[in-house]
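The values are calculated or read from the model by the stated rules, or taken from the named source; none is laboratory data. Note that the structure is predicted; figures quoted are calculated from it, not measured. Ideal geometry is used to build each Cβ from the backbone, glycine not excepted, and the neighbour counts take in all protein chains shown. These area figures cover heavy atoms from the full protein model, side chains too; ligands, DNA and RNA do not enter into them. Shrake-Rupley method; radii C 1.70, N 1.55, O 1.52, S 1.80 Å.
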Amino acid sequence: MKEKIESLMELSDKQFGYYIFSHDPIRNKVDVKLKEEIIEKSLECGKKVAKNLKKEYGFKNIVEYLKVLDLELYKKDNNNGIEYIYFGTYQKPNKITIYTNNIKMGTDLVKKWDLNILKGIKLRDIIIAHEIFHHLQEHDKSLYINTNKITLWSVGKFKYRSKLVAQEEIASMAFAKELLNLDFSPNVLDVLLLYPHNKDLAVKIYESIIDSLPKE
Ligand SMILES: [Zn+2]
């Protein structure tokens, strides 16, 4: 599994974008070309928001960003969901909760496997950064990920348009990567953090990431 994680570390943000997209409930309404455009623009959007934030404050520590953004950080040992394991969540208007025990199990694995690229990086910070983006997206309706919508159906002049959930997830990963100057796509955590809880599912997700990559 260590090798699998290391191979995920080499995937680009765009490649992970395809994986996130493959879970969107309305993915089938989007053709190949538009899909690529949405992935690229969502990545750009998240990156830009992080760059602006860095330009404004330039903090080294994620906790300082929480302060200026007036966000409260809550820590819980574990979430109680049986279906899904959470590592962080955002609750409007200004709460971020992180699940410290789940994150610690991932951190222990990084040590055990001696994963070089993750040395000196706090997994906690990546989780928090991701959730900070979800907060910022609530406050800037002009962001690409808030304005871009797909027409699901239309009758005469009436169109029913919806946002893709994938957009904001792709952007929040790009945001975390830019804010924390990471050398890998934070989506690796989807597999890494899950592995100590559910090895089979982590392997399945790894495989579905590889399957979602566009074929040449
Ligand atoms: Zn998210």
Query - Heavy-atom accessible surface of the chain: percent carbon and sulfur, 1.4 Å - result: 50
Query raised in the report: Among 170-182, 192-204, what's the highest-first ranking by average C-beta atoms within 10 angstrom per residue?
Result: 170-182, 192-204
Query - Descending Cα extents along the principal axes, region 85-203, whole Å - result: 60, 31, 25
Query raised in the report: In this model, which of K2/K104; K14/K67; K141/K177 are farther than 29 Å apart at the alpha-carbon?
Result: K14/K67
Requested in this report: Just tell me which lysines come within less than 17 Å, Cα to Cα, of K4; anything on the same chain fewer than 8 places away is out.
Outcome: K111, K112, K199, K204
Query raised in the report: Taking each full run of DSSP H in the chain as one helix, which ones are at least 18 Å long along their axis (Cα atoms) and have mean Kyte-Doolittle hydropathy of at least -1.0?
Result: 32-56, 100-113, 123-139, 165-179, 199-212
Requested in this report: Taking 7 Å along the Cα-to-C-beta vector as the label spot, tell me the Y86-S7 distance in nanometres, rounded to one decimal.
Outcome: 3.3
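Give the value in nm², to one decimal: projected area of the alpha carbon convex hull of region 14-75, averaged over all directions.
6.1
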Query - Whole-number percent relative contact order across region 73-148, with pairs defined as alpha carbons under 8 Å at least 6 apart - result: 29
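Applying 1/(1 + (r/R0)^6) with R0 = 45 Å to the Cβ-Cβ distance of K122 and V155, what FRET efficiency is obtained, to the nearest 0.05?
Between K122 and V155 the formula returns 0.30.
Got the relative contact order for the chain handy, in percent, Cα pairs under 8 Å and 6 or more residues apart? List each step's numbers first, then the result.
Values: 269 pairs, mean separation 68.1, N = 216.
Contact order relative to length: 32 percent.
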**Report entry** Magnitude of the charge dipole, region 63-136, Cβ model with Lys/Arg +1 and Asp/Glu -1, debye to 20
**Finding:** 160
Query - Ordering of 184-191, 68-75 by packing [mean C-beta count within 10 Å, highest first] - result: 184-191, 68-75
Query raised in the report: From Cα coordinates alone, what are the radius of gyration and Dmax values for region 55-133 in angstrom?
Result: 13.7, 41
Report summary line: Expressed per residue, the solvent accessible area of region 92-158 in Å² (1.4 Å probe) is about 54
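Can you give the extra length, in nm with one decimal, that the chain gains between W113 and V32 once fully stretched, where that is 0.36 nm per residue apart less the Cα-Cα distance?
Between W113 and V32, full extension yields 25.4 nm more.
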Query raised in the report: What fraction, in whole percent, of alpha-carbon pairs in region 2-211 exceed 21 Å separation?
Result: 55
Query raised in the report: By a straight-distance test (C-alpha under 16 Å), which lysines pair with K159 as possible cross-link partners, with residues fewer than eight away in the same chain excluded?
Result: K29, K149
